[in-house]
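Below: one structure, written as structure tokens.
A short reminder: the numbers here are calculations on the coordinates, not readings from a lab. Owing to the predicted nature of the structure, the values given are computational and were not obtained by experimental measurement. Here the Cβ is made from the backbone with ideal geometry for all residues, glycine too, and neighbour counts use every protein chain on show.
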Amino acid sequence: MFSNCLGFSALDQARIITAISELSRNIYKYATTGKIIMEIIENQLEIGLKIIAIDKGPGIKNIQQALESGYTTSGGLGVGLSGVKKLMDEFTISSQEDHGVNIEVIKWKKRNK
């Protein structure tokens, strides 16, 4: 997996895998179609893994509410999106009703000197 090749710690690898799992589960559960894209990104100080989740589902009507810990529409624990946000260093989400959701998350790792 990318995260191992980039030198992420075992803990950060677990965070990344959990985030991908949650994002994939949301696509499977709520959307008609979607995909996960992973890419390596870098700047002068850090190297990172960007994960993009794109779906063509019904969208999220209230993003603020969907990001609250404990909020659920499916009877689950309500830790999906809020959990992903906590696990990753950066989190952005956009949604358009009846056109789907785009979520981008990034986990950064300091470069070795």
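Values for this structure:
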item: Members of region 1-19 found to be free of Cβ contacts under 8 Å to residues at least 24 places away in the same chain and either crowded, with 19+ Cβ neighbours inside 10 Å or part of a helix (DSSP H, G or I) (or both), listed by number; result: Asn4, Cys5, Ala10, Leu11, Gln13, Ala14, Ile17
item: Close pairs from region 24-52: first over 20 Å from Val101 (Cβ atoms), partner loosely packed, with under 12 Cβ neighbours inside 10 Å and among the aliphatic types (A, V, I, L, M), Cβ under 6 Å, at least 6 apart; result: Gly48/Ile41
item: Checking Glu22 against (1) acidic (Asp, Glu); (2) within 26 Å of Arg111 (Cα to Cα); (3) surrounded by 13 or more Cβ atoms within 10 Å (Cβ to Cβ), the condition it does not meet; result: (2)
item: Single condition Tyr28 does not satisfy, out of (1) more than 14 Å from Ile93 (Cα to Cα); (2) crowded, with 16+ Cβ neighbours inside 10 Å; (3) in contact with a Gly (Cβ under 9 Å, 6 or more places away or on another chain); (4) not hydrophobic (A, V, I, L, M, F, W, C); result: (2)
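Residue-wise test of (1) out of contact with any Asp or Glu (no Cβ under 9 Å at 6 or more places or on another chain); (2) not in a strand (DSSP E or B).
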| site | (1), (2) |
| --- | --- |
| Ser21 | yes, yes |
| Asn26 | no, yes |
| Lys29 | yes, yes |
| Thr32 | no, yes |
| Lys35 | no, no |
| Ile47 | yes, no |
| Lys50 | no, no |
